[in-house]
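Below is one structure, written out as structure tokens, with a few remarks after it.
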Amino acid sequence: MSYLAGNYNRKKISFKKGSGSYLYTVNGTKYLDMVSGIAVNSLGHANPKLLEALIKQAKKVWHVSNSFLIPEGEELAKKLVKKTFAKHVIFQSSGTEATEAAIKAARRYFYSIGKPQKNRILCIKNSFHGRTIAAIFASGSKKMTEGFGPKVGGFDHFNFGDHKGLKKAITNKTAAIMVETIMGEGGIKVIPDWCLRELRKICNKKKILLILDEVQCGIGRTGEFFAFDKSKVKPDIVPIAKGIGGGFPLGAVLMTKKVAKAMTPGSHGSTFGGNPLAMKVGSAVMDIISKKSFLNNVKKNSKYFHNQLNKLREKYPKIIKEVRGRGFLIGLQLYKDQTDFIKKLMDNKLLTIRAAENVIRVLPPLNIKKKEIDHALKIFHKVCSSYKK
Ligand SMILES: *Cc1c(COP(=O)(O)O)cnc(C)c1O
């Protein structure tokens, strides 16, 4: 019997500590962690640099109201702006708050230029932008919205890859297109670079905003700081979260100058967003992940992982259908339901997590060592060989 509500289907296992790429259960069993709290523990568990930042700040001041200047927030905002397309930042405490703030910023922009009727957001059907009332209706997923009506209006949808449907869905009421650069929960589906560039062109032509949700795929996960970096596309608004706090709850929405101008005093706020503890941890994460050498290492190691997983797919073509994703945002798509496979990986002390379309998500910490990748590969081989060919 649990006093927690039953809104999660939890695996019957718990951990008492973590170190680097490993988690240790209460009775001391060691697991290689390729869930990373769903792309959150970007620098592994108990990272000394993050610990130092957290403890140092914890002894000074944890929280102050946003009605005062917060230098720790100025510092992190500056780091984010210097590294990205953005000119301004609003801090939040989670991903869904960041996507909501993104939606609010898009609407507020058109309001501020005297076009309040442009307020609809166009999203991909069955995408994932979080679990608040607005975000679930943005996702257009039947499963996520079931029982949570009345329907929140203001969202339109097109199917992934349906370029004609996308163009048709844009009306004179559309304010923005909001998509995940790589669909995470949806099964690690990458929007190709040329499609991102097309999206940008369409948005320019229709004079609407482009919101790229990088909550899961951003902050070095793909080997670039943002998943869209390689496409050279410049979005207008980008919500981030998961990886930026390295395990400390932290989200943010990054904006261009013209969008940020609409976010005038009182237009938006959050009690916890931008609190000095979160800011200092986020700063420490930024210092490490934004380095070119760090990202190059992610590229190199993840390329090796992808190559080896593709070899595995070639060896077991009846089990593994596709190796998806980019960098350390990896999806192993099976032909069958993935539940049993994930359980077998776990029996062999490797933690992974599911996504839609029979996909096993493989999300190691970005600083994982090559020999740890090799260890995981051995387990993948072992589990594959346990099935009939
Ligand atoms: C996880 C996720 C969110 C929601 O983040 P929470 O911190 O769980 O609220 C939003 N968008 C994407 C793409 C995500 O993967």
Straight-distance crosslink candidates among lysines, where the alpha carbon sits under 19 Å from K59 and sequence neighbours closer than 8 are dropped: K49, K280
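Please get the size of the charge dipole for the stretch 80-237, origin at its Cα centre, with Cβ charges of +1 on Lys and Arg and -1 on Asp and Glu, quoted in debye to the nearest 20.
Working: 29 positive and 14 negative charges, 156 e Å.
Its charge dipole is roughly 740 debye.
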Under-5 Å amide H pairs with H45, H placed in peptide plane, nonlocal only: S19, G20, S21, Y22
Proximal aspartates and glutamates to K201, defined as alpha-carbon separation beneath 20 angstrom and excluding residues fewer than eight positions away on the same chain: D156, D162, E180, D193, D213, E214, D229, D236
Dimensionless Rg ratio for the chain, taking C-alpha atoms and the 2.2 N^0.38 Å reference: 0.98
Residues with amide H under 5 Å from that of L209, placed H, sequence gap 5 or more: A176, I177
Candidate lysines - alpha carbon under 20 Å from K115, same-chain residues fewer than 8 apart omitted: K104, K173, K205, K206, K207, K257, K258, K261
Charge dipole (debye, nearest 20) of the stretch 293-356; +1 at Cβ of Lys and Arg, -1 at Cβ of Asp and Glu: 180
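Quick check for the stretch 293-356: number of Lys pairs with alpha-carbon distance under 16 Å, counting only pairs 8 or more apart or on different chains?
Details: K303/K311; K311/K321; K318/K336; K321/K336; K336/K344.
Eligible lysine pairs with Cα atoms under 16 Å apart amount to 5.
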Ranked packing of 371-384, 57-70, most packed first, by mean Cβ within 10 Å: 371-384, 57-70
Dipole in debye (nearest 20) - the chain, about Cα centre, beta carbon charges: Lys, Arg +1; Asp, Glu -1: 900
Vicinal HN-Hα couplings computed from phi for the stretch 28-44 (Karplus, 6.51 cos²θ - 1.76 cosθ + 1.60; Hz; Gly/Pro x): x, 6, 9, 10, 7, 9, 10, 9, 6, x, 6, 6, 9, 6, 5, 10, x
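Readers should treat all values here as calculations from the given coordinates under stated rules, not as data from a laboratory. Just so you know, these numbers come straight off a predicted model, no measurement behind them. Every residue, glycine as well, gets a Cβ built from its backbone with ideal geometry; the counts of neighbours run over all protein chains shown.
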